[in-house]
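Asks: Okay, handing you the structure first.
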Amino acid sequence: MKLPIFTLLLLFATVLVHAELKIAVFDADVTPLTGTELTYDPMIGIGEVTLRARGYVLTGAGDPIVLCAVDWIGIGNAAHDAFRDALAEAVGTKRERVAVQALHQHDAPCADFTVADIMAKANRDAGEFDPAITQPGIDRTLEAVKTAMKQQQPLTHVSMGKAKVEKVASNRRVMGEDGKVKGVRYSTTKDPELRAAPEGLIDPYVVAIGFWNGDQPVLVSYYYATHPMSYYRTGLANSDFPGMARIIREMDMPGVMQIYFTGAAGNITAGKYNDGAHKNRAILAKRLADGMRKAWEVAKKEAITADDVSWAVEPVALKPNMGEKLPGRAGTGLSAEELVAMISDKEVASEILSHLIGPACRLAWIRRYEAGEKIDVSCLRLGSARVIHLPGEPFVEYQLAAKKMRSDLTVAVAGYGNYGPAYIGTADDYGRGGYEMQVSLVGPDAEEVLINAMKALLKD
């Protein structure tokens, strides 16, 4: 018997409305091989904690949505595209519905296939950007996602909470009375005067978002804004104190995946509370884990269906910052033509050209911009929570602005998406001096672009 077309449409609509929301969690080892290049030094071994790529896939709310946090210093340009494309293919979705964020630990690799291509075409060594270092990690993450998709669980509830993290984050840029940067508080700061300065503008809260299958938590995802280093340049690949904090939380909650995202932390470090003593890694890890635990304990649980989940994207163009030529900062202030000449000059060492935020990175960003390539700023709507994904190293002001836009909701921010633009300060910061603005690959107009994108994404 043939059913009337109206009945068929009604049945089809009913299936869509009652599509079951599911979650798959994955964890992959993305530690490179000993003997390859980390961002600053050759890798001689593995530290306390291996490098991980952890994330989850949501299905049942349109095309699958993928979120992934990676223990690398950065993933930029064509490498960011390739990582997202691999995960999208694994779950049958579009690149636009995949967010891949680095955590920015410094004893870790940096992936940028655009930089590698620029160096290869100039017959130069790509150094730490050699795809052979990071492509295996992408491949292992792809396989982990495929395995996870065979083990999906129903997602019935989410929970949201926040708590203060004590004595970890401090503002990196210490200002003088003239409103200019008088000192930079790096992750390790030994200068007693800089360490004695106030914390400055930070976001003291860690946000915890829990995912539940009935009464059983499946994973907890945390968001906190600080550079994730205690000390580095060891040659030992490790995920530093956030990786240790994850392990502490795993021991607290056996069988429940713990995922950590670094927030908008371009101008935030642990420098006020860290003089570089190796014992501080465990101390900072415990302080962070304590905040994570408290955020979990106060979290409020709510039922969730596919109707409560959505994904939105705002592609943005961030204009390159030409700036001025700075002594000791190779490539700053040079045009694309001058950068090409510099990279082709065999008198200039390859390690200078390909280094993080060096001439090849500058050229890569200029070329991407001139080719019309845009960066996706995205937002996950998850019940009464919103998760914003930003590129580069955004300053904490962007995170605070996003939270202020929707103070009626739980808003979490993950930075370090496409690492192509590197530091992204506020418009005013570009006139205040300091290391970050000197080497930023984008200009002061980036603030208006990102603020408008977040406003659009956070609208009801």
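The values are calculated or read from the model by the stated rules, or taken from the named source; none is laboratory data. Computed from a prediction, not measured in an experiment: that's the story for all the values here. Because the Cβ atoms are built from the backbone with ideal geometry, glycine has one as well, and the counts that use them run over all protein chains shown.
Asks: Quick test for you: out of Gln101, Gln151, pick the one residue that is modelled with pLDDT of 95 or more, closer than 29 Å to Arg386 by Cβ, polar (S, T, N, Q) and outside any loop (DSSP other than H, G, I, E, B).
Replies: Details: Gln151 fails: outside any loop (DSSP other than H, G, I, E, B).
Sole residue among the options that is modelled with pLDDT of 95 or more, closer than 29 Å to Arg386 by Cβ, polar (S, T, N, Q) and outside any loop (DSSP other than H, G, I, E, B): Gln101.
Asks: One residue is enough: does segment 400-423 have a residue meeting the conditions assigned to a helix (DSSP H, G or I), under 20 Å from the mean Cα position of the chain (by Cα) and hydroxyl-bearing (Ser, Thr, Tyr)? Walk me through how you get there before you give the answer.
Replies: We begin by selecting, within segment 400-423, every residue assigned to a helix (DSSP H, G or I); these are 400-405.
Add one more test, that the residue is under 20 Å from the mean Cα position of the chain (by Cα), and what stays is 400-403.
Subset that is hydroxyl-bearing (Ser, Thr, Tyr): none.
So far as segment 400-423 goes, no, none of its residues is assigned to a helix (DSSP H, G or I), under 20 Å from the mean Cα position of the chain (by Cα) and hydroxyl-bearing (Ser, Thr, Tyr).
Asks: Does Glu436 fit the bill of being acidic (Asp, Glu) and closer than 18 Å to Ala79 by Cβ? Full working, then the answer.
Replies: Values: acidic (Asp, Glu): yes; closer than 18 Å to Ala79 by Cβ: no.
When the stated conditions are applied, Glu436 does not pass them.
Asks: Right, here's the next one. Filtering segment 268-322 down to residues that are hydroxyl-bearing (Ser, Thr, Tyr) and under 21 Å from Leu400 (Cβ atoms), which residue is farthest from the chain's Cα centre (by Cα)? Quick ask: steps written out before the conclusion?
Replies: Of segment 268-322, the ones hydroxyl-bearing (Ser, Thr, Tyr) are 269, 273, 305, 310.
Cutting the leftovers down to under 21 Å from Leu400 (Cβ atoms) gives us 269, 273.
Numbers: Thr269: 15, Tyr273: 23 Å.
Looking at residues that are hydroxyl-bearing (Ser, Thr, Tyr) and under 21 Å from Leu400 (Cβ atoms), I get Tyr273.
Asks: Restricting segment 114-141 to residues that are over 20 Å from the mean Cα position of the chain (by Cα) and acidic (Asp, Glu), which is farthest from Phe26 (Cα to Cα)? Please lay out each step first, then the result.
Replies: Our first condition is that a residue be over 20 Å from the mean Cα position of the chain (by Cα); within segment 114-141, this holds for 116-127, 130, 132.
Filter once more, so that each one left must be acidic (Asp, Glu): 117, 125, 130.
Numbers: Asp117: 30, Asp125: 34, Asp130: 26 Å.
For segment 114-141, the residue satisfying everything is Asp125.
Asks: Scan segment 348-374 for residues that are in contact (Cβ under 8 Å) with a residue 40 or more places away in the chain, more than 16 Å from Val442 (Cα to Cα) and either assigned to a helix (DSSP H, G or I) or in contact with a Gly (Cβ under 6 Å, 6 or more places away or on another chain) (or both) and jot them down.
Replies: Matches in segment 348-374: Ser350, Glu351, Leu353, Ser354.
Asks: While we're on this one: If we only count strands (runs of 3 or more DSSP E) wholly inside segment 205-306, which ones have 3 or more residues that are buried (at least 18 other Cβ atoms within 10 Å of the Cβ) and not aliphatic (A, V, I, L, M)? Let's see the steps before the verdict.
Replies: Numbers: elements: 205-213, 216-224, 257-262, 300-303.
The strands (runs of 3 or more DSSP E) meeting that bar are 205-213, 216-224, 257-262.
Asks: Separate question: Of the numbered conditions (1) within 22 Å of the chain's Cα centre (by Cα); (2) in contact (Cβ under 8 Å) with a residue 60 or more places away in the chain; (3) farther than 27 Å from Ser440 by Cβ, Ala245 satisfies every one except a single condition; which is it?
Replies: Answer for Ala245: the failing condition is (2).
Asks: I've got another one for you. Could you tell me which of the residues Arg386, Arg381, Arg362 is charged (D, E, K, R), under 24 Å from Ala265 (Cα atoms) and in contact with a Cys (Cβ under 8 Å, 6 or more places away or on another chain)?
Replies: Details: Arg381 fails: in contact with a Cys (Cβ under 8 Å, 6 or more places away or on another chain); Arg362 fails: in contact with a Cys (Cβ under 8 Å, 6 or more places away or on another chain).
Arg386 is the lone residue from the list that is charged (D, E, K, R), under 24 Å from Ala265 (Cα atoms) and in contact with a Cys (Cβ under 8 Å, 6 or more places away or on another chain).
Asks: Another question, if that's okay. If we keep just the residues of segment 402-429 that are small (Gly, Ala, Ser) and out of contact with any helix residue (DSSP H, G or I) (no Cβ under 6 Å at 6 or more places or on another chain), which is surrounded by the fewest Cβ atoms within 10 Å (Cβ to Cβ)?
Replies: Of the residues in segment 402-429, the ones small (Gly, Ala, Ser) are 402, 407, 412, 414-415, 417, 420, 422, 425, 427.
Applying the additional criterion that residues be out of contact with any helix residue (DSSP H, G or I) (no Cβ under 6 Å at 6 or more places or on another chain) yields 407, 412, 414-415, 417, 422.
Values: Ser407: 7, Ala412: 28, Ala414: 27, Gly415: 30, Gly417: 25, Ala422: 22.
Checked segment 402-429; the qualifying residue surrounded by the fewest Cβ atoms within 10 Å (Cβ to Cβ) is Ser407.
Asks: Among all residue pairs at least 6 apart or on different chains, which show Cβ distances below 9 Å where the first residue, located in segment 391-415, is within 26 Å of Ser440 (Cα to Cα) and in contact (Cβ under 8 Å) with a residue 24 or more places away in the chain and the second is in a helix (DSSP H, G or I) and among the aromatic types (Phe, Trp, Tyr)?
Replies: Sorted first by the residue in segment 391-415, then by its partner, the pairs are Val413/Tyr398; Gly415/Tyr398.
Asks: Quick one: in segment 23-41, of everything that is of a type in the set (Ser, Thr, Tyr) and either surrounded by fewer than 16 Cβ atoms within 10 Å (Cβ to Cβ) or in contact with a strand residue (DSSP E or B) (Cβ under 8 Å, 6 or more places away or on another chain) (or both), which residue is nearest to Ala132 (Cα to Cα)?
Replies: Looking at the filtered set, the residue picked out is Thr36.
Asks: For segment 114-134, state whether one or more residues are surrounded by 21 or more Cβ atoms within 10 Å (Cβ to Cβ) and in a strand (DSSP E or B).
Replies: No: zero hits.
Asks: Taking segment 375-399, which residues are outside any strand (DSSP E or B), touching a helix residue (DSSP H, G or I) at 6+ places or on another chain (Cβ under 7 Å) and surrounded by 21 or more Cβ atoms within 10 Å (Cβ to Cβ)? Before the answer, list the steps.
Replies: Let us first name the residues in segment 375-399 that are outside any strand (DSSP E or B), namely 383-384, 390-392, 395-399.
The next check asks that each one be touching a helix residue (DSSP H, G or I) at 6+ places or on another chain (Cβ under 7 Å); those that pass are 383, 390, 395, 398.
Within segment 375-399, Leu390, Phe395, Tyr398 meet the criteria.
Asks: Right, next: Confirm whether Ile247 is touching a Lys or Arg at 6+ places or on another chain (Cβ under 8 Å) and among the β-branched types (Val, Ile, Thr).
Replies: Numbers: touching a Lys or Arg at 6+ places or on another chain (Cβ under 8 Å): no; among the β-branched types (Val, Ile, Thr): yes.
Here the answer is no, as Ile247 does not meet what is asked.
Asks: A further question on this structure: Does segment 69-96 hold any residues that are in a helix (DSSP H, G or I) and buried (at least 24 other Cβ atoms within 10 Å of the Cβ), and which are they?
Replies: Kept after step one, since they are in a helix (DSSP H, G or I), are these residues of segment 69-96: 77-91, 95-96.
Hits for segment 69-96 are Asn77, Ala79, His80, Phe83, Arg84, Leu87.
Asks: Looking at Arg287, Arg293, Arg281, which is the one that is at pLDDT 95 or above, closer than 16 Å to Glu48 by Cβ and basic (Lys, Arg)?
Replies: Numbers: Arg287 fails: closer than 16 Å to Glu48 by Cβ; Arg293 fails: closer than 16 Å to Glu48 by Cβ.
Answer to the check: Arg281.
Asks: Before we move on, is Val66 at pLDDT below 95 and surrounded by 16 or more Cβ atoms within 10 Å (Cβ to Cβ)? Walk me through it before giving the result.
Replies: Values: at pLDDT below 95: no; surrounded by 16 or more Cβ atoms within 10 Å (Cβ to Cβ): yes.
Taking the combined requirement at face value, the residue does not satisfy it.
Asks: Among the residues of segment 318-357, what is the count of those that are in contact with a Ser or Thr (Cβ under 6 Å, 6 or more places away or on another chain), more than 23 Å from Pro391 (Cβ to Cβ) and not aliphatic (A, V, I, L, M)?
Replies: 1
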